[in-house]
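**Student:** Got a structure here, written out as structure tokens. Questions coming.
The values are calculated or read from the model by the stated rules, or taken from the named source; none is laboratory data. A quick note: this is a predicted structure, and the numbers were derived from the prediction, not measured. Quick reminder, even Gly has a Cβ in these numbers, built from the backbone with ideal geometry, and neighbours come from all protein chains shown.
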Amino acid sequence: MLANKTKKSEFQIELKNRFSTFQNAAEEIVSIEDHWQEIKNAFTTACETSVGLKNRKHQEWITPETPRDTVLKPEPTCKNKADIPCLRKNCWQKWSCFERPPTGEIMKVIKMLKNNKAPGPDNIPAEELKADIETSTQMLYELFGKILEEAEVLLEWKEEHMLVDSTHLPGNNTANALYHSNSVTDYTTLIWQDPSLAGWECRTSYRWFIEHKPSLGLLRVKVEQQESLIVDSGYIYNTAINGGRLGVFAYNQTGAIWSDLLYSCTERENKALYLNGSSYGTLGNLSSLGIEKSFTVEGWINLPIGYSSAKLPFVCSNSSDFCVYIENGNLHTQIGSRIVSGSTILPANNWTHIASVYNAQEKSVTLYVNGVNGLDVQITDATEIVWDGNMVLYLGSDLVHYMQNVKVDDVRIYNIQIPGSDLDLYWQTVDMEREQSKKIMAAHYNMNNQTDPSIIMDLGQRNIDMIMTGSPFFVESTTDYSRYNLHYN
């Protein structure tokens, strides 16, 4: 229902009103539990008031009382040395001090939540958080500040999981470390644990799934018994694992039977943005992008069969003083009044990487098609320009011309001139974290893992999200294959 603009507007007004009331009464809130409860009530009540309530039958959520009412009642069902139920203890023993996450980081995490998924025990669907993302971000920002100030954590969040980050080969010490419910130096680190503390039955079949997205730092564990989902960690954000060995480790369970062990490298969903002739994106101005003189613009495009010979803006200002575009099948760049034109005809119905590099100090402009080996043209008599910091850049338009039925992906803008040797590495690379840490990347728009085509999240450190106009949408992309094919062939 929140996809309806009227309902969404009503929800935003209702949520803002309740948040304002909540802030005014903040002095009366004596604990973070009360604080968190007020946030949940604000979302729930705002949604019920604006959208309405529809009850659905579902299985009971696992709560902190579940172990007391279920798991701790039965007698032991499996043999171990102490002949006691297979439960872990000492779940949460200490709280570490961290800086409060900035609002930009909180907003990014909210944007990554997937729609049309059942909410967790907090009963706040992703759609509600995204409907008024600024208010949601501010609510959580204040909650995190209160948590850190009082050095307490919410009961709902006291859930941990054993992460194996070992410098040793599997053996008795590793097995002993896994048996403990707390971290063991150089062997295991505890980051989440099933809150139900449910033991597994003997002679019972289980199926488990582990999902890992290293580019986002997301982990998820699910366990099924027949058709029932009995454990779901939800997405855990942790960037500790960037790779490693994949395998199964069993200790002192000689009767266990393993079958149908499969793995699949499907971590990334390769998507592109489709521009239909009336849609375009608004980036920040040059000042917010940190562009004073030199710049580099690169990205992937897929032109339709029979594409127009007219101007197709890729990244341009509305005055076209700063413009990277395609015209008559060739790549062009305009710097002030100077236009540099390439000679390579860009193919249709095929992913092509294009790049434009402007070196203000050397007065050079270089155009590339599919990397350095595809050097298109280079001139060294361009004008050195100091840009107007208020000049706004657009993707797919200069507000006069528009890209018609063109797919774009992995658009990157730098506030310096990137040498050809580095650029040849960049266009073959998906993960740009190292370059982002150098603060040379002004903006990075990769369509993978994006959920809302009206706002394209900036993966760089400046958090300049691109606001889309018109009706763009996501389509399947094969840029991953194109990267591989151009690199190895």
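**Student:** Any chance you could count how many residues in the stretch 357-377 are farther than 13 Å from ILE335 by Cβ, in a strand (DSSP E or B) and of a type in the set (S, T, N, Q)?
**Tutor:** 0
**Student:** Looking at the stretch 380-419, which of its residues are among the charged types (D, E, K, R), assigned to a loop (DSSP other than H, G, I, E, B) and in contact with a helix residue (DSSP H, G or I) (Cβ under 8 Å, 6 or more places away or on another chain)?
**Tutor:** Scanning the stretch 380-419 gives a single hit, ASP388.
**Student:** If you go through the stretch 143-166 one residue at a time, do you hit one that is part of a helix (DSSP H, G or I), touching a strand residue (DSSP E or B) at 6+ places or on another chain (Cβ under 7 Å) and either within 18 Å of LYS40 (Cβ to Cβ) or at pLDDT 70 or above (or both)?
**Tutor:** no
**Student:** One residue is enough: does the stretch 304-325 have a residue meeting the conditions in contact with a strand residue (DSSP E or B) (Cβ under 6 Å, 6 or more places away or on another chain), β-branched (Val, Ile, Thr), crowded, with 18+ Cβ neighbours inside 10 Å and farther than 15 Å from ILE413 by Cα?
**Tutor:** No.
**Student:** I'd like to check which strands (runs of 3 or more DSSP E) are fully inside the stretch 253-334 and have at least 2 residues that are touching a His at 6+ places or on another chain (Cβ under 6 Å) and farther than 25 Å from MET457 by Cα.
**Tutor:** Ranges flagged: none.
**Student:** Any chance the stretch 222-234 includes a residue that's assigned to a strand (DSSP E or B), at pLDDT 75 or above and touching a His at 6+ places or on another chain (Cβ under 8 Å)?
**Tutor:** No, the conditions are met nowhere in the stretch 222-234.
**Student:** Another one. Name every residue in the stretch 361-375 that is crowded, with 21+ Cβ neighbours inside 10 Å, more than 19 Å from ILE291 (Cα to Cα) and out of contact with any helix residue (DSSP H, G or I) (no Cβ under 7 Å at 6 or more places or on another chain), in order of residue number.
**Tutor:** Passing the criteria: only VAL369.
**Student:** Which residues, counting only those in the stretch 274-285, are hydrophobic (A, V, I, L, M, F, W, C) and either in contact with a helix residue (DSSP H, G or I) (Cβ under 8 Å, 6 or more places away or on another chain) or modelled with pLDDT under 95 (or both)?
**Tutor:** Answer for the stretch 274-285, where residues must be hydrophobic (A, V, I, L, M, F, W, C) and either in contact with a helix residue (DSSP H, G or I) (Cβ under 8 Å, 6 or more places away or on another chain) or modelled with pLDDT under 95 (or both): just LEU283.
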